[in-house]
Structure formats: C-alpha cells, structure tokens
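Here is the structure we will look at, set down as structure tokens.
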Amino acid sequence: MSDVSRLAAHIQHTNVSPATTRDEIAGLCDEAAAFGFNGVMVQPCWISLCRARLAGTNVRVCSAMAYPLGGSLTRSKVAEMRDLVSEGAQEVDFMANIGFLASGDVNAFHDEIAALVDAAGAVPLKIMLELGAMPDDLWQTAIGQAEKAGVAYVKNSSGWGLGGKASVETIGFMKRCVTRAKVKASGGIRSAEDADAILKAGAELIGTSAGPAIMEGRVGAGGY
C-alpha cells in the first residue's frame, strides 16, 4: 500500500456547503466509497441519503450540527442532537458555544458539551472549537473542558468560519493537551503533503473537501 493510500483511512470527505445539491452529495458518497475514506461529513438533511448510498460499505456517515455559529439554545442543540442520532448519524461534529468561554463562564461551556454528549448516547462526538477565534490562552481550557465533558474528538476548526486553517503547530498543541480524546484537523488541508504533516503532528482524522485531489497527488481547490 502506498503512503498516499494510507491517508484514505484518516480522511472524512466533506461537503457542508449550504448550496450543495442531492446529486453532489451522492457523488461525495461514491467518491468516499471508491477511495476508501473513513467517512463523509454532510449537513443533517443529507444523513438519510448518505446512509442509503453507503449501505454495505465501511464509510461512516457523519454530520455537522449547530454549524457554523454554535449559539443556538442548549435545549435546541440537545433536541437536534437526538434528531441526528435518530436519523442515523454515526458521528456528529458540533459547534461549541465559544461565547460562553470568552465570557469567562467555563461551567456553561462545559455543561452544554456534557448535555450533548449525554444526548448522543453511543454516537461519538467531535467538538469544533474554532481556536482561531479565541485568544491563545483559552485554548487549553477549551480543550480540557471538552475532554472532561466526554467528547471523543477535539477539532481545531470547522474549516468554514473563524476557526482558521489547521497547522502543524496547532495540532501538535492539541495533541499535547489531551489525555483521552483524539484530535481531528480541519481547514486548508489541500494536498497529500499537508495531510501527512498534520497526521504526524498528532491528528487521527482529517476533514477536507480535497480528498480526491489528495489521493490523486493533486492540490485541491479552495473549500474546507
């Protein structure tokens, strides 16, 4: 197996654009199955389509929730989480309320995450921390509280909003902070070289819309 082929097992093929069509999601699923990607990452309305399209494969159906701002009411997030699980999401990446943390309300930040972990049951959660939108001195607190609340993964960025691009330095910092949770990287990972460097820095998963380009040795166009 080539070095590039080994990357496939770490890639979650992503399309969370608000303008995405049904045909594009079907194509996303077909590419994920063809390349052997870890999963697809889609908006909640496409979960059932992906589950049907990927039946019989090992590709996981993952969805983004409370995205891209994270400021919904906690009870609304909890209800949505239950809906996503019921719909068939096998993993959920959800947006943290970083406004709670920025306001100094660590308890509210933690308690919301814990409520979502409880609502998800056995479904693994990945928290989108948007580290690029918060002061560096809050990063360790954000990661620590998310891990304490029970998430399976901490994620540097949604790849969409203020979270910024994944870097070797950021992913390395996150890896050093966690004791149990794993690290997912997202934002600006466009080539096999990018992906390899991020994995070596400590990421277990990569969220990117450039998966096919990475596998074919090309540099992907702009996206997540």
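The values are calculated or read from the model by the stated rules, or taken from the named source; none is laboratory data. All values derive from a computational prediction rather than experimental measurement. Here Cβ is always computed from backbone atoms with ideal geometry, including for glycine, and neighbour counts include all displayed protein chains. These accessible areas exclude ligands, DNA and RNA; they are computed on the full protein's heavy atoms, side chains included. Shrake-Rupley method; radii C 1.70, N 1.55, O 1.52, S 1.80 Å.
Listed values, structure above:
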quantity: Residue satisfying all of: in segment 62-81; of a type in the set (S, T, N, Q) and out of contact with any strand residue (DSSP E or B) (no Cβ under 9 Å at 6 or more places or on another chain); surrounded by the most Cβ atoms within 10 Å (Cβ to Cβ) among these; calculated: THR74
quantity: Scan of segment 105-143 for residues that are among the acidic types (Asp, Glu), closer than 23 Å to TRP160 by Cα and either open to solvent by 40 Å² or more (accessible area, probe 1.4 Å) or part of a helix (DSSP H, G or I) (or both), ordered by number; calculated: GLU112, ASP136, ASP137
quantity: All positions within segment 82-99 that are in a helix (DSSP H, G or I), of a type outside the set (Asp, Glu) and open to solvent by 10 Å² or more (accessible area, probe 1.4 Å); calculated: ARG82, VAL85, SER86, ILE98, GLY99
quantity: From ALA102, ALA146, residue being free of Cβ contacts under 8 Å to residues at least 60 places away in the same chain, open to solvent by 40 Å² or more (accessible area, probe 1.4 Å) and among the hydrophobic types (A, V, I, L, M, F, W, C); calculated: ALA102
quantity: Residue among GLY56, GLY27 that alone is closer than 22 Å to PRO124 by Cβ and either more than 14 Å from the chain's Cα centre (by Cα) or not hydrophobic (A, V, I, L, M, F, W, C) (or both); calculated: GLY56
quantity: Test: LYS165 is assigned to a helix (DSSP H, G or I) and open to solvent by 50 Å² or more (accessible area, probe 1.4 Å); calculated: no
quantity: Which listed residue is part of a loop (DSSP other than H, G, I, E, B) and either open to solvent by less than 30 Å² (accessible area, probe 1.4 Å) or acidic (Asp, Glu) (or both), from THR57, THR14, THR20; calculated: THR20
quantity: Cβ pairs under 8 Å, 6+ apart, first in segment 204-219 and free of Cβ contacts under 8 Å to residues at least 24 places away in the same chain, second open to solvent by less than 70 Å² (accessible area, probe 1.4 Å); calculated: ALA210/ILE189; ALA210/ARG190; ALA210/SER191; ALA210/GLY220; ALA210/GLY223; ALA213/ARG190; ALA213/SER191; ALA213/GLY220
